[in-house]
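For reference, the structure is listed below as structure tokens.
The values are calculated or read from the model by the stated rules, or taken from the named source; none is laboratory data. Note that the coordinates shown come from a computational prediction; the quantities given were computed from them, not determined experimentally. We place every Cβ from the backbone using ideal geometry, glycine too, and count neighbours over all the protein chains shown. What goes into the accessible areas is simple: the full protein's heavy atoms, side chains included, and nothing from ligands, DNA or RNA. Shrake-Rupley method; radii C 1.70, N 1.55, O 1.52, S 1.80 Å.
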Amino acid sequence: MRRLTGIWLLAFATFVSAQEGEDAASQPDRVRKVEEELQQEREARKQLEKRVGDLERSLQKATEVMARAQDRRDIDAELEAYLKEHQVAVPAEAPWRLQIGVVLVGSYTATFFNGAGDRNTFSLDDAYVKFSYGFTDQLTGRYYTDGSLAELEYRHSDAVQLNGGVVVVPFGQFNPRSFPDSFDTLSRPLLYMSNREIFVTAPNLPSPVFNTVYSDTGLVFSGSLWRGQDQLYYAAYITNGLVGANDLGQTSATRDNNNDKQIGGRVAYTNASWFERTRIGFGISAAGGDYDVNDQLSYRLYGVDLLVVLGGLGADGEGSVTLRAEYVYAPREILYPDATDNTMNINEASREQGFYVLVEVRLDSKWMLYGAWDELQRRGPLVTNGELDPANLNDVTTTIRRFAIGVAYRITAGILFKVEYAYWEFDLGVPDAQRISTQVVVPF
């Protein structure tokens, strides 16, 4: 019996010793496993913090852009839902007063004229500082150092808002979002090109209706009426207006060049309840005034626009397809010297009109593909050497067309890198052109 007991004790001791050796041998593996799990938790937290930051920056950006009021509500709701789902505690912060931002835009463009040589250049397209100060919850001041904005905003409610100073003119769908950090395509539509984007000028070719950002000195009274997620936006404004000499120009002036004022308005309806995951918007805009120093030459601007957004696409729900389209008709009076008698002037009419169709395909929060078709047209008598021939006042139609495709990649929540290829067609013997452009937008 003692022998059996000794054998059993020896076997038990051997088993315990082996088990302890096995535990000791597996200890490094357990440590590595815990370290891996800890690293995974850290990465998950980084992704969570990054996503919350992205949403917060998107909310701030959308808040600044009048045309994206619907987007603001969507992003606000998305941010709240995300924080609630992930049980993120957001510390209470004091209300902001002063915000300072900087926008830098640099580009490289290579232009190839069919059979007429080429050109290429690096350029700093935009560089300015943005200041915003909240005096109260309802009163805000904004100033951009490039002169595009210097306004005081009083917001009584969603339905009642007054902006005064150098304000963004709420004409059309694109102009209110035409700041370089507010739209994701590389080029602006032909209707609203800036001066730096115009690389071909020739007499009698059509020109943009106005250069964006189109801001002007005056007052804007606006507001939004909501029914659930459906929005009716309105705006009425009085500003100094566009200026020109013999023909209408594409910019305004700090001070008015005559005694006439530009009066205009816009109404837009956006619906998010008709179709699931789909938002549809319609808008109409109108403006007009006199543009010459003598208050004799008038102009009119009439526009319609369409917006269709199909969202919630892809496995993560971040994909979307957006269709944007606008048409503008812009008749005006022109006044040029008589080619046969320079002491006399000939008063005639010119009509500019154009449209664009833009399709944006967002693959996720970083990648966007887009394609655009633009057309700009002028219909009026030919101006030769700054004069009109009274024997040849028949209207002649000239056109510029552009077809573009591009890619935009959001490197971080702010920095955006863009690449675009565009084919341009011109009338009046101007050679067609191809442009390859890259651009980096850095807001901070």
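Once region 255-350 is represented by equal point scatterers at the alpha-carbon sites, with solvent omitted, what log10 I(q)/I(0) does the Debye formula produce at q = 0.13 Å⁻¹?
Evaluating at q = 0.13 Å⁻¹ gives log10 I(q)/I(0) of -0.66.
Any chance you could look up the accessible area of ARG362 with a 1.4 Å probe, heavy atoms only, rounded to 10 Å²?
60
If ligands, DNA and RNA are left out, what is the accessible area of TYR421 with a 1.4 Å probe, given in Å² to the nearest 10?
80
Enumerate the calculated ³J(HN,Hα) couplings along region 267-275 in order (Karplus 6.51 cos²θ - 1.76 cosθ + 1.60, θ = phi - 60°), each rounded to whole Hz, writing x wherever the residue is Gly or Pro.
Residue by residue, region 267-275 yields 10, 9, 10, 10, 10, 10, 10, 6, 10 Hz.
At a 10 angstrom cut-off on C-beta neighbours, averaged per residue, how do the peptides 133-139, 283-289 rank from highest to lowest?
Top to bottom by mean Cβ count within 10 Å: 283-289, 133-139.
For region 292-365 and region 189-258, what is the separation of their C-alpha centers, rounded to whole Å?
10
Extending each Cα 7 Å along its Cβ direction at VAL321 and ASP137, get the distance between those two points in nm, one decimal.
About 4.3 nm separates the two model spin labels.
Taking θ = phi - 60°, what integer Hz values does the Karplus form 6.51 cos²θ - 1.76 cosθ + 1.60 yield along region 408-423, in sequence order, with x for Gly and Pro?
10, 10, 8, 5, 10, 5, x, 6, 10, 10, 10, 9, 9, 10, 9, 10
If each residue of separation counts as 0.36 nm, what is the full-extension length gain between ASN195 and LEU225 once their alpha-carbon separation is subtracted?
Gain in length upon complete extension: 7.2 nm.
Across all directions of projection, what mean area in square nanometres is found for the Cα convex hull of region 156-199?
With the hull built on Cα positions only, its mean projection is 4.5 nm².
May I ask you to compute the full-extension gain from ASN204 to ARG351, defined as 0.36 nm times their residue separation minus their alpha-carbon distance, rounded to one decimal in nm?
51.8 nm
Sort largest first and round to whole Å: the equivalent ellipsoid semi-axes of region 294-444, each the square root of five times a Cα gyration tensor eigenvalue.
43, 17, 14
Tell me the per residue accessible area of region 293-338 using a 1.4 Å probe; a whole number in Å² is fine.
43
If I stretch the segment between TYR108 and THR438 completely, what's the gain in nm (0.36 nm per residue apart, minus their alpha carbon distance), one decimal?
That pair, TYR108 and THR438, stretches by 118.3 nm at full extension.
Calculate what fraction, in whole %, of the accessible area of region 167-226 sits on carbon and sulfur atoms when a 1.4 Å probe is rolled over the protein chains.
60
State, as an integer percentage, the relative contact order of region 233-361 based on alpha-carbon contacts under 8 Å between residues 6 or more apart.
Relative contact order for region 233-361 comes out at 19 percent.
Using Cα pairs closer than 8 Å and at least 6 residues apart in sequence, work out the relative contact order for region 331-444, in percent.
Relative CO of region 331-444 lands at 19 percent.
May I have the convex hull volume per residue, in Å³, for the Cα set of region 172-249?
Spelled out: Cα convex hull of region 172-249, divided by residues, is 130 Å³.
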